[in-house]
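Colleague: This is the structure I want to talk about, given as structure tokens.
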Amino acid sequence: MIIAENKFPKEQGEVGPGGVRVKQRRILLVDDEIAVLLTLKAVLEISGFDVDTAASAKEGKSKILKREYDMIITDMRMESDASGIEVIKAARTAKYHPAVALLTAFPLSDEDSDAAGADKMLIKPMQTRILLQKIEKLLVTHQAKLSQAPASVASAVQSAPVTAKTAKKAVKKAVVKTVVKKAAVKKVTAKKVAAKKAPAEKAKR
């Protein structure tokens, strides 16, 4: 678990076995859709997380500088198509190295997700149980990486900068794939409907 420095607000946490105070894991949600923010915040808080929210990339970047988070979950398309990349870049340069998840309605390939700089991609909408499982798994694996090789993690962050151009390319590619997939589904559906109508039309003749 990440230990906050003195310049950050003190952790409240919960009292665990033996009266030992356990640090409550903190997550920052960044999304310009208020309904999404409030829903995710409620779900995560019920599950025991300390949750902050930001309704823009600008607000998200500001909060990343002011507090320490175990995980940053950000939407991609907010003020611009690549606003999420600004949040990811801010998270990657934070000294406390939070886990980063990209929240998007457009599925990205693993390659494009890596290009965007995120550790994990979360597709919305997603079932609550699955969402919590993915978040928990990412927190565990990310903490393990930090514990094993914190120096190499910091080095990797600095040597692999994420650019808005790369992010836009990845998002555009994902959007095109989604549109093509939907078009293909419509085409197949139309063929099935036509095939069902054909026998009925022949019978009428």
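Colleague: Between Asp32 and Asp81, what is the label-point separation in nm under the 7 Å Cα-to-beta-carbon projection?
Modeller: 1.4 nm
Colleague: Could I ask something else about it? Holding the Cα-Cα limit at 24 Å, pick out from Lys124/Lys145; Lys58/Lys124; Lys41/Lys120; Lys41/Lys145 the pairs that are longer than that.
Modeller: Lys124/Lys145; Lys41/Lys145
Rule-based calculations on the coordinates, nothing more; no lab input. Because the structure is predicted, anything quoted here is derived from the model rather than measured. Here the Cβ is made from the backbone with ideal geometry for all residues, glycine too, and neighbour counts use every protein chain on show.
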